[in-house]
Structures are given as structure tokens and as C-alpha cells.
Amino acid sequence: MSQVKPIESSNDFVIKFANVNGSGSASANELFARAIMRMGVPVAPRNIFPSNIQGMPTWYEMRVSAAGWLGRRGGCDLMVAMNPQTWDRDVAEIEPGGYLVYDSTKSLPRSRFREDITVLGIPLTAMCNREYTDARQRQLFKNIMYVGALTALLGIDFAVVERLVADQYRGKDKLIGANVNALRLGFDHARANLPCPIGLRVERADGVGDKIFINGNDACGLGAVYGGATVAAWYPITPSTSVIEAFSSYCRKYRTDPDNGMARYAIVQAEDELASIGMVIGAAWNGSRAFTATSGPGISLMQEFFGLAYFAEVPAVIFDVQRGGPSTGMPTRTQQSDLISCAYASHGDTKHVLLFPEDPYECFTLGAQAFDLADRLQTPVFVLLDLDIGMNDRLCRPFDWDDSRRYDRGKVMTAEMLDAGKNFGRYLDVDGDGIPWRTIPGTHPTKGAFFSRGTTRNAYAKYSEAGTDYIYNMERLRHKLETAKKLVPAPVLQPASQPTRFGAIHYGSTSPAMAEALSLLEQQGIHVDALRVRGFPFADEVIEFIHAHDEVFVVEQNESGQLRMLLLTEGEIDPKKLIRVLHYDGTPITARFIAGRIADALSARKVTPIRKQVAS
Amino acid sequence: MTYLAKPKLLRSDAPRNAVGYTRRDYEGAISTLCAGCGHDSISAAVVQACFDLDIEPHRVAKLSGIGCSSKTPDYFLGASHGFNTTHGRMPSVLTGAALANRDLIYLGVSGDGDSASIGIAQFAHAMRRGVNMTYICENNGVYGLTKGQFSATADKGSKSKRGVVNSDTPIDLVALALQLGASYVARSFSGDKEQLIPLIKGALRHRGPAFIDVLSPCVTFNNHAGSTKSYDYVREHNDAVNRLDFILPRDKIETSYPPGSLRRIVQHDGSILHLRKLDADYDPSDRVGALLYLQERQALGEIVTGLLYVDSGAEDLHRHLNTVEKPLNQLGDAYLCPGSKALEALNASLR
């Protein structure tokens, strides 16, 4: 029926599920993604969901890539259109030669389809109505049934899916049987009535290895457990809420005293974000490792406290899962738009430490490291992830931990040190790194107590409004932030295959799309050195990288080029040198977008192939 | 000014308490508040209460918000750690501190602007959460540091120094605290140390949120005719529900009062509160009754002082969260980090 040759592709395509939210589709879709991974083929799924509980459109986009590209590709080769509300746009989105799977219980006029795609109808509602009487079951198993049909259509081994269901519902035999039955109904129907397999196929491969599949928010929660956090205070906000849910669940598992069932942690759901960060600061001032998780609007609300923590020099860890803002603004869409509001958060001259994890593995490692850095530097540390890595399961390196590692609690003066006559000035730079010593309340009966306040004090924490004391303090803080440059995680360089005048700087969730874009560009003979920034204040290598190139693309997911602004200011860089590559429609950035923008920019400059110039 | 150290002239024969400290050891820097400020009397009452209770100063953490009242923690307990936080946010910082170390005594000092205006949410939620603390609101109905604006506790119809009449309904923090679940609720007057010191002592030994609203006239901006928070006004309208004697467990039970006029309350730690009743009908264990009494008297233009409510069996936030007995800030790496083996098992479950 189609005029265009159907797409033929093994282990490299995009499937998109168009669903209604609250219909139970998410777990079925995830099951399918896991089944493909069990076949040894890397998958990167992304939930595109509304800020709503039930009834609005939601999509689950699944990139299948034997090459291991985990960024969003763009386009859709197979659409599973289960939502009549979005039918037209869903059908329109399919690539020419692509495939459409739909519920054919009610016949649709020919005009609602396209000529250049393969249409695969399955009477899912009718099949469910025959099989089940309960309305809820009819809905839930409809999803499982299409997973069964897809298993057949893509040539996936049914036994793999069956085993997966058994693993997922271990101990709940009734659920295993019911789910396998629904899978089997869909599978058999497709086998009997549709051309299985279609041009898109999943074939056994060895691309997954020992990788794990987890989302960044869960990894942050786990990182906080491993990082030694004992106090978490928070206020619910999308898309960060599950950081705390994960922390809570890992704490129940790992931090419950085996002898008496008591908690080696405290989690408080505060009345708002101001109270959340206040509790974090109080706990950290009192010697506990403490954190909060929030998103842009929460960051705005916490501003005054960030300033207090900065100047009173109290460690605090903030996980900011970035999204669009403010108010009801794009809470379920991803962005990297809080850099500026975190980097210089609060009134007065402040500068904060920021970490940029690229995936769940780094959410875990940088999440844990954030607590060491906060204690070492006695300042708030922000872990800036975003919805794309926070709320989507992602294949990543397995977590690891060195058991010989000890927490770096930083410069904490003990009762013994005070008794030994150590000079204690709470805001005195005795070591030349700008970092003073602190004492924890209750340390010593007569020595080491001090009164914490903002900046109206001298190096010994005594009240002072003297300009000289203020300047001493500000210069020491500036020095401390210089020290921070050496402590934040170093940038990661991905050099081009040959020397080039062009560079690209990126960070966070852009990473997989960037890696793929570099590969696409290399194929076109365009060579770009890439640097992934992992921390702020910028390590010297970041600024050196810019100086080493004629032009540097700064690739990020916000409208104003916030990392670029930070680079310009902090590195005193000529603005002409840093070229914006900005993606900010709320969807994750794609390799096609990045490669396209960079190629366009270079062709606009009439750049002859770089290898010729460099060769001379 | 407070950056001038207080002279350390200590008489060798100064009386020492059971933990070996003199009263001077509980003092702080010299106050910078206006001469005659009610807040300084409250600071003195805190010093006396801690001395009498044999509390080691470094076992107290004192926290405050912003305002004249919130400056005072610098003026007592100089050997305690203190934290002058942000305006209206002391309760959250104190809550966090209390979570980190359940063994210290937490003293929060705030004012009426700090607690009833900008910080009313945090005030309310710290009370309902059951934070183990003594929360003193030094209430003068006026913003002193910014020179005389009304606060949310200013009575309707009261006059500012500039002659402006307040038309807003006042917030009664005592009534709020009662409603929100504070388990020790009292009101006193900065000029009445006989009443105030035992109330502070009882609060310090109470487990759970203890709130004391202390009317503390502002000598500069709110001590004029027409003010309902002036010394004269408060003295004239004060209705004390009881007189409190605070007794440590080691002391013998007081017997100097006639039976029937005494009510004995044993707190969780064995300390004893003796309420010497002035009003025969007053029952401090009845939260609803306390609210009713408060409002009846308020309608008559009276300010009720004394211990309005105490629940000696109250549970605090740590009990609700079931946290371990050892302070969280003292748990070592081995108690906190699950280690590589657990991580390997977790990795396996994520494939």
C-alpha cells in the first residue's frame, strides 16, 4: 500500500508510544524497553509527559541504537498510536516509510492514514473486552497486549519478555501469569494476522554489557546515602520529588539500624522551599551532612538562605533538577536554565560551586562527592541535573565505590585541638587556601563557641561593621573560590580525530547527543574538539581550552546561553569567540540539531575542510 | 558595642552551680539594645534559668531570626554556639540543627515581627512538627530596628508613637501555639522575673515544642500612652493564671503551699512543675480549656500570663521520625555508607 519503501533497520530506530496519561502505559512501555535491552541492544527511553495526573497526552519515545547512542535522535520510525486526541499529529510525525501500530477495533476512514507508511491494526479493545470483564484490567492489559504484539512485530524472542515479567513480579505469581497471558494474546494475534517481523528488527547483540538502567533522580538519592547525608529537608516539586523518594527508600534499606529498627537519617517534608533550605543549613551548621532537592522555582525561593550559607560558611548540598519556569511553566519539560540563578545565587557578592552530572552514574558519583566538597569548602554545593536525566531511565556504567574512601569532613576543629591551644578564628585564613576552621556546636565547654551571622563580624566571629573586616572577609572568600576551582571535578576532553581550530563546550544531559553529533560531523569532515564541563568555578583547563581554539561552540539547553555567560565573565573571554548553540523548546537536545547548527555555522563562514588548513 | 569584650572581673567566691559554673559564665557580650529594653530582662532570665538548671553552656544552641529580639542571643550564653539566621526563618534552621544532634538544648529567640509577620509559616510548622525546643518570642508589637512600624501582634486600636492607629486584627501567638500542637505554652512579661524564670526553666526541661510569649515593652517606640504593649498597660491588664515553681528531680517536693492550690506536673525527665494556682478553675492540662480561657479574658481586655498549657507526655520530632539515639552528626562512615558490596547487589537489580 505504501509508495515509499518501508524502512529496513536492525537495532537502530526510534519507536514512539502515544498514550493517555494515567492509563498504566508507562510501566508497559518500560517493560518493552527492558525487553530490548535483555536482547543486548542499548535503548534510551524518554517520557514526554504533561503536568497532569490523568487524561492528558503523554509520549514515551524509545531510541534503539546498537551503536549505543543514548541521546534523542529526533523523528519516529514506528508510532504506537493509542491516543485518539493526538492521532493526527502522531501519524504526521512518522518518517516516510515508517510504521503505525494502532487499535483497529473501530474502523477509521482512509483519510486519517498516510500512504507512505505501513499501517498495522490490532483490535486491542475488542480483544481485551473478550478476555476481561473488569474495566481496570481491560485498560491495563491493553497496554501489555500491544507489548506482546510489538514483540512479534520486531522479532524479539518471546521467552526474553516472559523471563523479564517473571523477574519483575518475582513472588507475585498471580501477576506473572496474568501479564504473560496478555503478552501471549498480543504476540499470537500479531503472528497470525500481521507481517512479522516488519522491517524494523531487534536482533541479539552484545551492546549492553554490565551497564545498569536507572534514572538520575534515583541515582542522586543513592549518592546522598553513600555521601553520608543524614538530614534531608524538601518540598515537593516536579521534577525533583523522586530524588527524596529514592533517598527515603534507600535509607530504609541501608540505614535502618539492624538492632532496633531505628533510622540513621531524618527526612522532613517542609512547609516550603525556604524552610527546606533553612533546615539543611541548620543541620549542616550542627555537623550533619544535609541536602535538599528542588527545581527552578525552589531555587528562586531559597536565594536569601543561599547567601547566608555562603557568608556564614555552612556546607549544604542542593540537587536542582532543572525544568522550565516559573509558576506552571513547563514543569515536565527539560531545560538547563538555572545556571545563572545558582552560580551567583542571593544578594551580595556570592559565587557558588556547581556540579554538572551527565548521566545517572555521575548523578551518583558527583552527588556523593558534593558532600565532601561542601564540607571541605564550607559552602553550598549545587548538583545541577535536569529532567531529561533526572526522570528518564538511562543506561550507564554500573555504580562503584571504593571501600577505603573516607568522608572528607573538611576543617573541623575538635576539642583536643582546642585544648592543644590551636588558634581558633572562625573566619580566619590560617592555611592560605581561604578556608577557615569551624567548630561544631557542643564541642568544648569553654573554647571554640562562636556566633554565626552574615557578614557583620570579624575573623573571630565577633560583631563588626568595620570596612576593613568586611574587605578581609570578601578577599578570603574570593581566595576560597579559587581553591574550589582545583577541587571541582575536572572537565572531560574529547579531542577530534585531527587538530582543529574549533572547539565545543557542553555539559550535563547534552553529553550523549553531543557525542553522537561529533561523530556525525566527523563523517562530514568537520572536526571539533569537545570539552565537557563538570564543575564551576571553572577549572583552569576550561579557560585554556577556549584560548587554544579560534572559535568555540557553547552547546546548551536554555535560551540565553547561560554557560556562555559564565564563561565570558569568569574567563574574561571575547564574546565573539563563543558561539551559541541553543536548544530550549523543552524537549531534550538531539544530535541532529547540534551537528546541523555547527555545520551550518561553519559553512556560513565558508570554512574549507579543516584538514587542509591544518595540514599546511 | 558588642565587639568590645565584656570585662572579665570574676570574684573567686562567686557562687557556683552543680556543674561548677558561676552565673557570669552564662552571660554574653554587652547588650547594644536601648537602656531599659524589656529584652535585656529576658536575657537575664535566660542566664538565671540556665545557671539554676546546671546546664553546661556549651550544651545549648541558641538561634534567632532578625530584629532587636534576635540580637539578644549574643548577650547571653557566650560559651554556646549561636546562629543569627535570616528574618523569620529561625524555626527551620533550629529544626535542622535539632535533627542533627538530639542531645543539645535548643533555644530559639524571636520577636513579634520575626514570628508573627514574616515568619508565621515557620513558627506554625515548627510547633506542629513537635520540634524539641524552647521558643521565646520577645513581643513588643513593634519593629524597633526599622523605627517603629506596627507588627502583626499590635492590638487593634493601639497607637504608634507617631500617632497612627492600628486597624488590623492582632495575631495571638499563644492561641496559635495552642492550636498548632505546642506541648508547653506560656505567656509572661519581661518585667516579671519571678514568673518568667520558672517558665523558662520549665520550657528548657520540656521535651517538645515549648513556646513562651514574653511581652516586652519597647522603651523607644512602644511605651507611650495609647500603646497596649507598654509597661504600664501590661501591668494594669495582666491576669496571671498561675505561679510556677520549677523543681529539679533532686529537690524535695515543695510543701509550703496549702493543698488544693498546688498542681504538680512531672515532666518526661522527672523535673517537676508546681503551679501555684491563682485561679481555682484553671487546668493547664486542658488544651481546649486554655484556648477558651485565653479568649474569654482577651474579650475582657485582660492579658493572661502564666503556664497556659503543658502536656508532660508529649512526643517530639525525633520520636516521630524514629531516629537513632546517637546524634546523627556523630554517626561515623561505617554507619552511613553501605559500601561496595551493597552497590554490586544493587547494580545487579538494575540490569
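Some values worked out for this structure:
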| item | result |
| --- | --- |
| Residue count for region A:310-332, restricted to those that are within 24 Å of residue A:364 (Cβ to Cβ) and either at pLDDT 95 or above or touching a Phe, Trp or Tyr at 6+ places or on another chain (Cβ under 9 Å) (or both) | 9 |
| Extreme residue, surrounded by the fewest Cβ atoms within 10 Å (Cβ to Cβ), among residues of region A:205-223 that are more than 10 Å from every other protein chain (Cβ to nearest Cβ) and part of a loop (DSSP other than H, G, I, E, B) | A:206 |
| Unique residue being at pLDDT below 95 and polar (S, T, N, Q) when the list is A:446, A:468, A:439 | A:446 |
| Enumeration of residues in region B:85-102 that are within 7 Å of chain A (Cβ to nearest Cβ) and touching a Leu at 6+ places or on another chain (Cβ under 8 Å) | B:85, B:86, B:89, B:92, B:93, B:94, B:95, B:97, B:99, B:100, B:101 |
| Residues located in region A:167-180, provided they are part of a helix (DSSP H, G or I) and without any contact (Cβ under 8 Å) to a residue 12 or more places away in the chain | A:167, A:173, A:174, A:175, A:176, A:177 |
| Qualifying residue in region A:439-461 (condition: away from chain B (no Cβ under 14 Å) and not in a helix (DSSP H, G or I)) | no |
| Odd one out for residue B:55, checked against (1) out of contact with any strand residue (DSSP E or B) (no Cβ under 6 Å at 6 or more places or on another chain); (2) facing another protein chain (nearest Cβ under 9 Å); (3) surrounded by fewer than 24 Cβ atoms within 10 Å (Cβ to Cβ); (4) within 19 Å of residue B:132 (Cβ to Cβ) | (2) |
| Meets criteria (in contact (Cβ under 8 Å) with a residue 40 or more places away in the chain and either farther than 27 Å from residue A:391 by Cα or within 22 Å of the chain's Cα centre (by Cα) (or both)) for residue A:526 | yes |
| Test for residue B:216: is it touching a His at 6+ places or on another chain (Cβ under 6 Å), among the small types (Gly, Ala, Ser) and touching a residue at least 24 places away in the same chain (Cβ under 8 Å) | yes |
| Selection status of residue A:46, of a type in the set (D, E, K, R), out of contact with any helix residue (DSSP H, G or I) (no Cβ under 6 Å at 6 or more places or on another chain) and free of Cβ contacts under 8 Å to residues at least 60 places away in the same chain | no |
| Strands (runs of 3 or more DSSP E) lying entirely in region A:292-411 (those with 2 or more residues that are under 18 Å from residue A:563 (Cα atoms), touching a residue at least 24 places away in the same chain (Cβ under 8 Å) and in contact with a His (Cβ under 9 Å, 6 or more places away or on another chain)) | A:380-386 |
| Residue B:67 being farther than 19 Å from residue B:203 by Cα, at the interface with another protein chain (Cβ under 7 Å from one of its Cβ atoms) and surrounded by 24 or more Cβ atoms within 10 Å (Cβ to Cβ) | no |
| Those residues of region B:288-328 which are assigned to a loop (DSSP other than H, G, I, E, B), within 18 Å of residue B:203 (Cβ to Cβ) and not charged (D, E, K, R), in sequence order | B:312, B:313, B:314 |
| Any hit, region A:359-376, residues being touching a Ser or Thr at 6+ places or on another chain (Cβ under 7 Å), more than 14 Å from every other protein chain (Cβ to nearest Cβ) and crowded, with 24+ Cβ neighbours inside 10 Å | no |
| Subset of region B:327-351 (residues that are modelled with pLDDT under 95 and within 7 Å of another protein chain (Cβ to nearest Cβ)) | B:350, B:351 |
| Test: residue in region A:277-287 that is surrounded by fewer than 23 Cβ atoms within 10 Å (Cβ to Cβ) and either free of Cβ contacts under 8 Å to residues at least 12 places away in the same chain or not aromatic (Phe, Trp, Tyr) (or both) | no |
| Matching residues in region A:245-265 - criterion: being hydrophobic (A, V, I, L, M, F, W, C) and within 12 Å of another protein chain (Cβ to nearest Cβ) | A:246, A:251, A:262, A:263 |
| Filter result (in contact with a helix residue (DSSP H, G or I) (Cβ under 7 Å, 6 or more places away or on another chain), polar (S, T, N, Q) and under 25 Å from residue B:181 (Cα atoms)) within region B:296-351 | B:305 |
| Condition check for residue A:427: among the aromatic types (Phe, Trp, Tyr), assigned to a loop (DSSP other than H, G, I, E, B) and touching a helix residue (DSSP H, G or I) at 6+ places or on another chain (Cβ under 8 Å) | yes |
| Filter result for residue A:431 (more than 30 Å from residue B:104 (Cα to Cα), of a type outside the set (Gly, Ala, Ser), without any contact (Cβ under 8 Å) to a residue 60 or more places away in the chain and away from chain B (no Cβ under 14 Å)) | yes |
| Answer residue from region A:224-244, given it is of a type in the set (A, V, I, L, M) and either assigned to a strand (DSSP E or B) or buried (at least 24 other Cβ atoms within 10 Å of the Cβ) (or both) and is nearest to the other protein chains (Cβ to nearest Cβ) among those | A:231 |
| Search result, residues across region B:295-339 that are surrounded by 16 or more Cβ atoms within 10 Å (Cβ to Cβ) and more than 30 Å from residue B:269 (Cβ to Cβ) | B:297, B:298, B:303, B:337, B:338 |
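The values are calculated or read from the model by the stated rules, or taken from the named source; none is laboratory data. Here the structure is a predicted model, which means the values were calculated and not measured. Please note: Cβ atoms are built from the backbone with ideal geometry, for glycine as well, and neighbour counts cover all protein chains shown.
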